[in-house]
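Only the coordinates and a few stated rules stand behind these numbers; no lab work does. Remember, it's a predicted structure, so these values are computed and weren't measured experimentally. Note that each Cβ is placed from the backbone with ideal geometry, even for glycine, and that neighbours are counted across all protein chains shown.
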Amino acid sequence: MAKIAFNDLKAQYHHLKDQIDAQIAAVLEEGAFISGPQVTQLEDALCRYTGRQYCVTVSNGTDALVMPLMAKGIGEGDAVFVPSFTFVATAEVVSQQGATPVFCDVDEATFNLDPVSLRAQIERVRKEGRLKPRAVISVDLFGLPADYSEIRAVCDEFGLFLMEDAAQGFGGEINGVKACNFGDVSTTSFFPAKPLGCYGDGGAIFTDDPAMYEILTSIRVHGKGAEKYDNVRVGLNARLDTMQAAILLPKLEAFDTENQNRNRMAALYTELLKGKYETPPVPNGFTSSWAQYTLRTRSPEHRTALQAALKEAGIPSMVYYPKPLHQQTVYLPLGYGEGSLPVSEHLSKVVLSLPMHGYLTEETVRSVCAVLNEIEE
Ligand SMILES: *Cc1c(COP(=O)(O)O)cnc(C)c1O
C-alpha cells in the first residue's frame with residue numbers, strides 16, 4: 001500500500017491542480033501581487049460561505065487574533081480568558097498586547113473551553129481586583145465548535161467581548177449555523193494543514209459590526225485613514241497575498257466535498273474503534289470539520305505503545321498538544337501550579353491524533369483501525 005500521510009496536501013493538489021495552476025498563472029500575468037482583485041473575491045466568497053456580514057483577510061491566523069484585541073484597545077491591566085488546551089497563538093496574542101491571559105480548563109470529552117471553569121476564573125479575577133476582565137477567546141479545537149450558548153451567556157453576564165478562534169474550526173456548525181459566526185469577532189487560519197489551507201500563511205477575521213470592520217481594515221494596512229498616506233492609528237502590515245487568495249478560491253469551492261469526506265472517515269473511525277477506545281464525541285446539533293481526529297488513550301504508557309505500533313506499521317500519528325499552555329515555560333511566571341487545570345493536564349498526557357484529511361480513503365482508515373484493534377490490552 002502507498003505511504004500513509006497524516007494530512008495529504010499532495011492528494012488535494014493533484015485533485016485541484018488544473019484550477020489552482022490556472023489561478024496562480026492568472027496572478028502572475030496580472031501582476032497585482034498585493035491587494036489584487038482575488039482578495040476581494042475571496043472575502044465575498046467567505047462571507048457567502050459563512051453567512052457573516054464582513055470578512056477581512058489577513059496575513060495569518062495569529063494576526064487575525066491580535067487585530068481585534070488592538071481594535072478593542074485591550075492591553076496592560078486587562079484579563080483575557082483562554083482555554084489552556086490549545087495552540088500557543090491563542091494566548092500569545094494576549095501577551096503581545098501587554099494584557100494577561102487567564103487560563104481556563106476544558107471539557108474532557110469535547111476538548112473545548114469549559115463554561116464552568118470560565119465562570120470560576122472570571123469570578124476569581126474580579127475578586128482579586130488586580131486585572132480587569134475584558135474578553136474571552138474561545139477555541140473550536142480540532143474542528144468542533146465550542147459550547148457557544150453557555151459561553152455567550154457568561155460573556156453577556158460579565159460584559160466581556162467574545163472572540164471565536166476558529167483556526168481549526170472553519171466548516172464546523174451548530175444547528176446549521178456555520179463556525180466563524182459565534183464570536184463578536186471570529187477568526188480563522190489558512191495555514192496549509194488547517195481544514196481550509198493555502199500554500200503559505202494566511203488568515204481571516206469575520207464580524208457583523210461595521211465599525212469593527214472599518215477599524216480592522218485600517219489596522220491591516222498600517223493604521224491607514226481615508227487616504228493612503230493618512231495614518232490614524234498604530235497598525236500592522238497584515239494583508240493576505242493575492243497569490244494565496246487566488247489559491248484559496250478553488251479550494252473553498254472544493255471545501256464542502258472534502259469536509260463531507262472527513263466526516264465520513266471520522267464516522268468510520270468511530271464505528272471501528274468505539275468500545276475499545278475513547279473516540280471523539282460530536283454533541284447533538286453540532287458538526288465538526290475534523291481538523292483532527294483525536295482519541296483519548298488510557299494512560300501515557302498506553303499512548304506511547306499505540307504510537308509505536310502505528311509507527312511500526314508505517315502509520316503517522318501526532319500528539320496535539322503535549323503540554324497545556326499554563327505549563328509552558330513562557331507562562332510559568334503566571335504561577336499556575338501542577339493540578340490547577342487538571343483536565344488540560346490530563347488530556348495532554350493521553351490524546352493521540354490519527355491521519356485525517358479531505359482525501360482520506362476507507363481503505364486507509366480500515367488499515368489504521370486494524371493496527372489499533374490488534375494491540376493487546
Ligand atoms: C493554527 C492556529 C492558530 C494560528 O494560526 P497561524 O495561521 O498559524 O498564525 C491560532 N489558533 C489555533 C487554535 C490554531 O490552531
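Taking every DSSP beta bridge with both residues inside the chain, roughly what % is antiparallel (nearest 5)?
Values: 24 of 42 bridges.
Antiparallel bridges: around 55 percent, rounded to the nearest 5.
Which order do peptides 233-246, 318-331, 141-154 fall in by mean Cβ count within 10 Å, highest first?
Values: 233-246: 19.9, 318-331: 17.3, 141-154: 22.4.
Ranked from most to least packed, the peptides come out as 141-154, 233-246, 318-331.
Considering only DSSP beta bridges whose two residues both sit in region 58-154, what percent are antiparallel, to the nearest 5? Don't skip to the answer; put the middle values down first.
Working: 1 of 10 bridges.
In region 58-154, approximately 10 percent of DSSP beta bridges are antiparallel ones.
Subtracting the Cα-Cα distance from 0.36 nm times the residue separation, let me have the gained length for E312 to K132 in nm, one decimal.
Numbers: separation 180, 0.36 × 180 = 64.80 nm, distance 5.13 nm.
Full extension of this stretch gives 59.7 nm more.
Ranked from highest to lowest mean number of other Cβ atoms within 10 Å per residue, what is the order of the peptides 354-367, 268-281? Spell out each step's value before the answer.
Details: 354-367: 19.4, 268-281: 16.3.
Per-residue mean Cβ counts within 10 Å order the peptides as 354-367, 268-281.
Straight-line reach only, C-alpha to C-alpha below 18 angstrom: list the lysines that K17 could link to, leaving out same-chain residues fewer than 8 apart.
K251
Between K3 and H346, with labels modelled 7 Å along Cα→Cβ, what's the label distance in nm to one decimal, could you check?
3.8 nm
Please give the calculated 222 nm ellipticity per residue for the chain, where each DSSP H segment of at least 4 residues contributes -39500 (n - 2.57) and the sum is spread over every residue; nearest 500 deg cm²/dmol?
Numbers: 11 runs with 158 residues, N = 377.
For the chain, the value works out to -13500 deg cm²/dmol.
Exceeding 30 Å between C-alpha atoms, which entries from my cross-link table qualify? They are K178/K228; K132/K228; K194/K349; K274/K311; K72/K228. Numbers along the way, then the final one.
Numbers: K178/K228 35 Å; K132/K228 36 Å; K194/K349 23 Å; K274/K311 21 Å; K72/K228 23 Å.
From the list (K178/K228; K132/K228; K194/K349; K274/K311; K72/K228), the Cα-Cα distance tops 30 Å for K178/K228; K132/K228.
Averaging sequence separations of C-alpha pairs under 8 Å and six or more residues apart, then dividing by the length of the chain, give the relative contact order as a whole percent. Provide the component values of the computation, followed by the final result.
Working: 767 pairs, mean separation 81.3, N = 377.
Taking the mean separation of contacting Cα pairs over the length of the chain, I get 22 percent.
So how much slack lies between F33 and R298, counting 0.36 nm per residue of separation and subtracting their Cα-Cα distance, in nm?
Working: separation 265, 0.36 × 265 = 95.40 nm, distance 5.02 nm.
Additional length available on full extension: 90.4 nm.
Convert each backbone phi in region 143-148 into a coupling constant with the Karplus relation 6.51 cos²θ - 1.76 cosθ + 1.60 (shift: θ = phi - 60°), then list the ³J(HN,Hα) values in order as whole Hz, x for Gly and Pro.
x, 9, x, 6, 7, 6
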